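First the structure, in the form of structure tokens, and then the observations on it.
The values are calculated or read from the model by the stated rules, or taken from the named source; none is laboratory data. Bear in mind that the values here come from a model prediction, so they are computed numbers and not experimental data. Here the Cβ positions follow ideal geometry from the backbone for every residue, glycine too, while neighbour counts run over all protein chains shown.
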Amino acid sequence: MNFRKLPIYLIAGAMILSCEKSKTTKIDSPTTFLDLSGRDTTITPADDFFHYMNGNWIKKTKIPDDQSGWGSFYTLSEENIKKTKAVLEEAAASKASSGSLEQKIGDFYASGMDTVAIEKRGAEPLKAEMAKISAIKNYKEYLNYVATNENNRGGALFSFYVGTDDKNSSKNMVSFSQSGTGLPEKDYYFKNDSSTQKIRNAYLKYIKTLFTLTGTDEKTATQNANDILAFETKLAKSHKSPVELRDPIKNYHKYAVSELSKIYGMDWNKFLENMTIKTDTVLVGQPEYYSTMGKLLETTPVETLKNVEKFSLLNNTSSYLNKAFGEARFDFFGKTLNGQKVQSERWKKLVNQTDGGLGELLGQLWVKKHFAPEAKVRMLELVGNLKKVYRSRIEKLDWMSVETKAKALVKMDKIIQKIGYPDKWKNFDDVDIKRNAYFENAQAVGRHKYKEMIEKLAKPVDKTEWGMTPPTVNAYANPAFNEIVFPAGILQFPFFVNAADDAINYGGIGMVIGHEMTHLFDDQGRQYDAEGNLKDWWKPKDAKKFNEKSKVVVNQYNNSTMFGNMHVNGELTLGENLADVGGIAIAYEAFKLTKQGQGNEKIDGLTPDQRFFMSFAQIWRIKDREESMRVRLTTNPHSPEEFRVNIPLKNFEPFYKTFNVTDKNKLFLATDKRAKVW
């Protein structure tokens, strides 16, 4: 069962991740809040500001063996995960009353740390479910199974969620999207370069290993793996690319359930009924996929369908089984795709799983201990200041008509900001957590989340709901809610320090705020109106101008390369790049309204403007493994960090003045070549 993620995230993954502290990492300075020792002063700031600010740190830093990279997000996540561990260990030792939030999060964590019990059980928790799959006789029984299986609704082939109808933000709807594949994206099934072939071979090995761990003989397991990869390859042909998936209009198709049965050759009324879904209409994001899948269900041998489902079950539960399953999973996802050398310590994995499953219970204790009320007050001030600046910038746009501006300003005024943690917490009263039942605990949480999701169909849209947990080191914008969201986890150094000067905070979290605001007006977000509806509110000539200006951004990033021949995909990363280019400009203009921004008092020999730009470059500090970066370049909507720093600055005149950029420098762009949208 897969759920689509609606929000647009600041970074690729929501991070409360397990991180191992690098001995060479030194960032925090109580006086400057900048790591000036991390600079590479052999590099001219006007040639490469990212490596000027972070180059020496990159040279000295060794990526921890259990990580795919290391940098500012990782170091803050390291601090958060330690804080969260302490909260969980205290809850686990508290002997709290049954049903209390302390009992639930404490026992969930403790059950996952009981490796003796987990090893003793081996693959036993899966036996009953595997037997049910083995008993399937035809594809209709297969459909009945995946619809009624409480622990994996929809199975391997149906990805769905219940959420806001893009064209009616007051209503929840069921939405189905493409699924059925396990490689990062469709091209991994068809490219024949050595790197891709290596990944496919590792995937085959992973599938085979999961089957052998449940008692399948070597020959049969090998055949199962080959059959599954061949089946996924057929499905992948119908998949849309990551770029194609970015178009909200082309991925919106509303159907009456009765129509679906005629088009896709299966009884959708019965299927939805078995899934406990009561609705007359559904959304199908990618109809081509469901057309292909429907035909394959009828023509594929039932044994292959059963093996596809068994692998889905094994893959989805491997994190909750014994060590051998965890090692098989890590070999593919950790080593092959991300270049990690070793697995993280188990307690870090359990912190992440507890936050992922019971995050709004854990979050209640976390914010009491680690989020100061004054931080929220300061953040509200920062958001308010950036909103004023953004509003002013819209009013001054010389390429947008008065009519479109008026609607853009209404949308700006209606932006909702969520800071720190939810005003109301989700209810987990129906979730029974036991201290000695790790696998069953995970299933109980999954069933609860499914029930909670399906119940949305009978309720109005709840715009107070959060898409991240409080400890998360990330932020997001959700166009369907016209909102920007900043969990407590990111409101710490180096992004935000209540005691720091304005240059640090505006260059850090201020840029993040501006980034998220701009997402609501990027190439996707601009298609949603002030109420969060997918609706064309632009004059045609204004939309044309926007697209022309966006094309400048696309071309700049398309020309950026890594590893000699891998280009950034400017179309895939357009939304994030627009948010970066706009975010730094909005944050800087807001900073210049502060007392420090209007003055020129130096701190440690640095002007306010220098400190602003250095803070900006510092938050994007990172050192990545090549394996993970190669996957990221083909699948991820975020550009590599060096381009997230250097390209926005190439387009920004105040940076030129601050660091004396001339036409002799590498970051110089002629005025008529620079990108400026918002």
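Of Trp347, Trp366, which residue is buried (at least 21 other Cβ atoms within 10 Å of the Cβ) and of a type outside the set (A, V, I, L, M)?
Going through Trp347, Trp366 in turn, just one is buried (at least 21 other Cβ atoms within 10 Å of the Cβ) and of a type outside the set (A, V, I, L, M): Trp366.
For the range 394-451, name all the residues that are acidic (Asp, Glu), more than 28 Å from the chain's Cα centre (by Cα) and in a helix (DSSP H, G or I).
Matches in the range 394-451: Glu395, Glu403.
Residues Glu79, Glu90: which one is surrounded by fewer than 16 Cβ atoms within 10 Å (Cβ to Cβ) and either in a strand (DSSP E or B) or not assigned by TED's automatic domain parsing to the domain that holds Ala475 (or both)?
Being surrounded by fewer than 16 Cβ atoms within 10 Å (Cβ to Cβ) and either in a strand (DSSP E or B) or not assigned by TED's automatic domain parsing to the domain that holds Ala475 (or both) holds for just one of Glu79, Glu90, which is Glu90.
Does Leu305 meet the test of being assigned to a helix (DSSP H, G or I), within 28 Å of the chain's Cα centre (by Cα) and closer than 27 Å to Asp217 by Cβ?
No; evaluated as a whole, the condition is false for this residue.
Of the conditions (1) touching a Leu at 6+ places or on another chain (Cβ under 9 Å); (2) assigned to a loop (DSSP other than H, G, I, E, B); (3) polar (S, T, N, Q), Asn665 satisfies every one except a single condition; which number is it?
Failed condition: (1).
Residues that are over 21 Å from the mean Cα position of the chain (by Cα) and closer than 18 Å to Thr32 by Cβ: does the range 578-595 have at least one?
yes
Could you give me the residue pairs with C-beta distances under 6 Å whose first residue belongs to the range 408-437 and is among the hydroxyl-bearing types (Ser, Thr, Tyr) and at pLDDT below 95, whose second residue is in a helix (DSSP H, G or I) and surrounded by fewer than 15 Cβ atoms within 10 Å (Cβ to Cβ) wherever it lies, and which are 6+ apart or on separate chains?
Listed by first residue and then by second, the contacts come to nothing, as the list is empty.
For the range 553-577, enumerate the residues that are under 21 Å from the mean Cα position of the chain (by Cα) and among the β-branched types (Val, Ile, Thr).
Val568, Thr573 - these are the residues of the range 553-577 that are under 21 Å from the mean Cα position of the chain (by Cα) and among the β-branched types (Val, Ile, Thr).
Which is surrounded by fewer than 24 Cβ atoms within 10 Å (Cβ to Cβ), at pLDDT 95 or above and in a helix (DSSP H, G or I), of Phe616, Phe546, Phe612?
Unique residue meeting the criteria: Phe546.
Quick one: Lys592 ticks every box in (1) at positive phi; (2) without any contact (Cβ under 8 Å) to a residue 40 or more places away in the chain except a single one, so which number is it?
For Lys592, the exception is condition (1).
Do any residues in the range 629-640 that are among the hydroxyl-bearing types (Ser, Thr, Tyr) have Cβ atoms under 7 Å from those of residues that are not in a loop (DSSP other than H, G, I, E, B), where the two are at least six apart or on different chains, and which pairs are they?
Thr634/Asp187; Ser639/Tyr557; Ser639/Glu576; Ser639/Asn577
Take Asp432 and tell me if it is touching a helix residue (DSSP H, G or I) at 6+ places or on another chain (Cβ under 7 Å) and acidic (Asp, Glu).
It is true that Asp432 is touching a helix residue (DSSP H, G or I) at 6+ places or on another chain (Cβ under 7 Å) and acidic (Asp, Glu).
Among the residues of the range 664-677, which ones are without any contact (Cβ under 8 Å) to a residue 40 or more places away in the chain and over 24 Å from Lys551 (Cβ atoms)?
Within the range 664-677, just Lys664 meets the criteria.
Given the structure, is Ala590 among the small types (Gly, Ala, Ser), farther than 21 Å from Ala408 by Cβ and crowded, with 21+ Cβ neighbours inside 10 Å?
no
Going by the structure shown, is Ile277 at pLDDT 95 or above, within 27 Å of Lys186 (Cβ to Cβ) and not aromatic (Phe, Trp, Tyr)?
no
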